[in-house]
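The structure under discussion appears below in the form of structure tokens.
The values are calculated or read from the model by the stated rules, or taken from the named source; none is laboratory data. As the structure is a computational prediction, the values presented were derived from the model and not from experiment. Please note: Cβ atoms are built from the backbone with ideal geometry, for glycine as well, and neighbour counts cover all protein chains shown.
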Amino acid sequence: MKVLVVDDEKDITALVAYHLEREGFRVLQAHDGLQALELVKRERPHLLVLDLMLPHLSGLDVCRRLRKEPDTARLPILMLTAKAEETDKVLGLELGGDDYLTKPFGPRELVARVKALIRRSEETQEEEVFKVGSLEIDLGRYTVSIRKRAVELTSKEFDLLKALVLAKGRALTREFLLARVWGYERASEIESRTVDVHVRRLREKLGPEATRIVTVKNVGYRFDQDT
């Protein structure tokens, strides 16, 4: 498994690389946004650890560009930020980050989050095609289409949709979804917003089928299969 670590502070990339390599990962390093895009294109990493404050091209801009390309739209991205404000974290998630970690961080926590993201992106999907209305979800091929036209989802958006679909109409709490999709054992208020941000992005992409994702007040979300 290849992990690309992007940070302009070389001591941080070296520290992260040391701990990830101890766990068997092959680690690539970049120190600015443009170099990161070049390495992603050339090396095809399985996951990106991305600092937000980068020279030449910010981490947010890197994330935005990767999400626009079909080949990298589902690349798991763990964002690193020295900014602890909620708005900064939410912005990162809205632009396509799958998880975030605030500096200073513990290397063991970073490794755990990297493993969780990769585990979920590499899980064997059920050989099942789910169809409702004009929506078709191929759980084996990891694809979604509406009226036979492909819908590009990130890995986390797909995993979220999958969890809701497989619940067969049952309401799922934000805490359950955070544990199931993101691997969080406990959820802070900010982490709970992660679910809301991804649901909003998912609804935008599902267009005419967005109303199937129903908000259940004081609980979470459910997928409506009946209408």
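At a glance:
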{"read-out": "Residue selected from the stretch 184-227 under the condition within 16 Å of the chain's Cα centre (by Cα) and either over 15 Å from residue 158 (Cα atoms) or of a type in the set (Phe, Trp, Tyr) (or both), by the criterion modelled with the highest pLDDT", "value": "193"}
{"read-out": "Those residues of the stretch 150-174 which are in contact with a helix residue (DSSP H, G or I) (Cβ under 8 Å, 6 or more places away or on another chain) and small (Gly, Ala, Ser), in sequence order", "value": "155, 163"}
{"read-out": "Among residues of the stretch 39-94, those that are at pLDDT below 75 and of a type in the set (Asp, Glu), counted", "value": "4"}
{"read-out": "Residues of the stretch 124-152 that turn out to be closer than 16 Å to residue 73 by Cα, modelled with pLDDT under 85 and surrounded by fewer than 15 Cβ atoms within 10 Å (Cβ to Cβ), as a count", "value": "1"}
{"read-out": "Entirely in the stretch 132-227, the strands (runs of 3 or more DSSP E) that have 1 or more residues that are among the β-branched types (Val, Ile, Thr) and in contact with a strand residue (DSSP E or B) (Cβ under 8 Å, 6 or more places away or on another chain)", "value": "135-138, 143-146, 149-151, 213-216"}
